[in-house]
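Notes follow once the structure below has been shown.
None of the figures in this text is laboratory data; all of them are computed from the coordinates on show. Note that this is a predicted model, so its numbers are computed, not measured. Using ideal geometry, Cβ is built from the backbone for each residue, glycine included, and neighbour counts are taken over all protein chains shown.
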Amino acid sequence: MNIYVLMKRTFDTEEKISIQSGAIQEDGAEFIINPYDEYAIEEAIQLRDEHGGEVTVVTVGGEDAEKQLRTALAMGCDRAVLLNVEDDLEEWDQYSASTILYHYLKDKEASLILAGNVAIDGGSGQVAPRLAELLGFSYVTTITSIQIDGGSASIERDVEGDVEVISTELPLVVTAQQGLNEPRYPSLPGIMKAKKKPLEELELDDLDLDEDDVPYKIKTIERFLPEKKEGGKVLSGELQDQVKELTDLLRNEAKVI
């Protein structure tokens, strides 16, 4: 199988994020592989081990994403590709990313393309479906199970707490939901091998594209952190006194009654 994984470098939301003038400050910020993409990487590796073939991990971004690509290689991917837009685009969005990925993948004869269901920074979940539409591939989102049999795929996907079972044909694009698998940690031998695995870097010129071919359709006007909430209050004393105090709080502070 010729398997591709779409990966995004994202902020580690477990760490402190600083926002100034509506923009996230990258200095001192921690970056990771988008967690949902880790499920896609793990599933791609398992499918390759079961059916044979090769796993290529691809990202759109700048040279800083090389660290996350090397991590994916250490997990077990065979090759990595950085579609470097750092010098060509000041801004890009889901439309830009999917268009760039399409021009890279259109002649690659991919059997299966996996991606995370959403990225934890933007959360739009648009890139993989947009790419599938451009390639003319079927696509299934939020999958929790996939079985490949020849040129067919049997898939389970999460539907508002229930499960939908889908049968479809390859080539195919799927997006991974939590519960699909348990992503592995890179082993020390894997980390050492990753240093020697191929990491290809391409720019827009290499894809016969220029800035005008991949305009962004959406511009983020502002980013801000949620307002800090005060800690909850614990009422004590007799039940009748607690009821009176709660009523006063709801009326005078929360102003809901």
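What the table shows:
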item: Peptides 34-40, 83-89 ordered by average Cβ neighbours within 10 Å, highest first; result: 34-40, 83-89
item: Spin-label pair Glu54/Asp149, simplified geometry with 7 Å Cα→Cβ offset, distance in nm; result: 2.9 nm
item: Relative packing of 159-171, 142-154, which averages over residues the other C-beta atoms within 10 Å, highest first; result: 142-154, 159-171
item: Computed lengthening from Glu164 to Val243, 0.36 nm per intervening residue step minus Cα-Cα distance; result: 23.8 nm
item: The chain, helix-only ellipticity at 222 nm - DSSP H runs n ≥ 4, -39,500 (n - 2.57), divided by all residues, nearest 500; result: -8000 deg cm²/dmol
item: Estimated dipole of the chain in Debye, rounded to 20 [Cβ of Lys and Arg +1, of Asp and Glu -1, Cα centre]; result: 740 debye
item: Evaluated over the chain, the Cα radius of gyration and Dmax, each in Å; result: 22.4, 76
item: Principal-axis tilt of helix 35-51 within the chain, Cα atoms, nearest 10 degrees; result: 40 degrees
item: Two-site label geometry, Ser236 and Ser18: point separation in nm, points 7 Å out along Cα→Cβ; result: 4.0 nm
item: Listed residues Gly150, Val127, Leu112: farthest to the positive end of the dipole of the stretch 2-213 (Cβ charges); result: Gly150
item: Measure of compaction for the stretch 180-257 (Cα Rg per 2.2 N^0.38 Å); result: 2.50
item: Spatial separation of Cα centroids for the stretch 59-128 and the stretch 149-216, in angstrom; result: 9 Å
item: Residue-span extension gain [Lys228 to Glu133] - 0.36 nm each, minus C-alpha spacing; result: 30.1 nm
item: Per-selection Rg to Rh, the stretch 19-138 - Cα, Kirkwood hydrodynamic radius; result: 0.96
item: Among the listed pairs Lys8/Lys219; Lys108/Lys217; Lys8/Lys195; Lys67/Lys228, those beyond 25 Å (Cα-Cα); result: Lys108/Lys217; Lys67/Lys228
